[in-house]
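Read through the structure below, which is laid out as structure tokens, and then see the notes.
Taken together, the values in this text are just the output of simple stated rules run on the coordinates, not laboratory data. Just so we're clear, the structure is a prediction, and the values are computed from it rather than from any experiment. Here the Cβ positions follow ideal geometry from the backbone for every residue, glycine too, while neighbour counts run over all protein chains shown.
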Amino acid sequence: MKDKETFYDLERKIRSIPEPDYDKTFTKDTQDIIHENLLQFASSYDKQKKRAAIMSKISIGFVSAAAFVLFAILAFPINEENLNPNDQGQQSEEPAAIDDNDDINQNEPDDKLTDTILYENTEYGFTFILPNSWNGYEIVSDTWIGTSTNQQQNNINENGQILIIRHPEWTKEKPRQDIPIMIFTLNQWSSLEKREFHIGAAPIGPVLLGQNNEYVFALPARYNFASLEGYEEVENILENKPFQPKR
């Protein structure tokens, strides 16, 4: 009952509104404005409708793609389990790929070789590898002297040559560490090992570098005792085994 009374009351109020003067109120300009507003509303409504349709298609496409990915994830383990074991064996037997860079690297020059120089002695038959910083080295000849260990014959009974490889920056005012190489005949070295003679006052004998069919080559005992400039460099050179006998 209350709803009907409200409706009737609203109807009475609407009817009580005076009828507008269409000639004065709805002029040509007013009609154009109303027409333009209606067109804008229709255009806006049409765009919203198209946008809703596009979003609906995108949503459907996204859902389809997600369903496909999910199906692929679930189906992949099943397919992997059904693989033929023979196929797997054949795959493992395929030859490994060959890296052409290995051949290229083998043909490249060794930096260690290009950074060194070679001293070769054809008289005694040996070579000695030096760092490139020794380019311009000098070979100096000296003599070693051996004294008999027999107290009754306290005389000189053996001697031989020492070849000294000298650094190019060596000077009398500022000497640098040399690389001395003592040269023994095979018989002399055998006698030295038997302590039939000794060289110098050092309690230890020369250190063997190498030998060939005719000679034995050694470093003097305590050759770097004075700790001259460059002695550490010489030690590093000797650690790399630069001496190679020939013949």
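Working only within region 187-224, note down all residues that are part of a helix (DSSP H, G or I) and surrounded by 13 or more Cβ atoms within 10 Å (Cβ to Cβ).
188, 189, 191, 192
Which condition breaks for residue 124 when tested against (1) in a loop (DSSP other than H, G, I, E, B); (2) over 27 Å from residue 239 (Cβ atoms)?
Among (1) in a loop (DSSP other than H, G, I, E, B); (2) over 27 Å from residue 239 (Cβ atoms), the lone unmet condition for residue 124 is (2).
Within region 222-247, how many residues are in contact with a Phe, Trp or Tyr (Cβ under 7 Å, 6 or more places away or on another chain) and under 17 Å from residue 133 (Cα atoms)?
Total meeting the criteria: 1.
How many residues does region 171-186 contain that are touching a residue at least 12 places away in the same chain (Cβ under 8 Å) and surrounded by fewer than 19 Cβ atoms within 10 Å (Cβ to Cβ)?
Looking only at that region, the number is 5.
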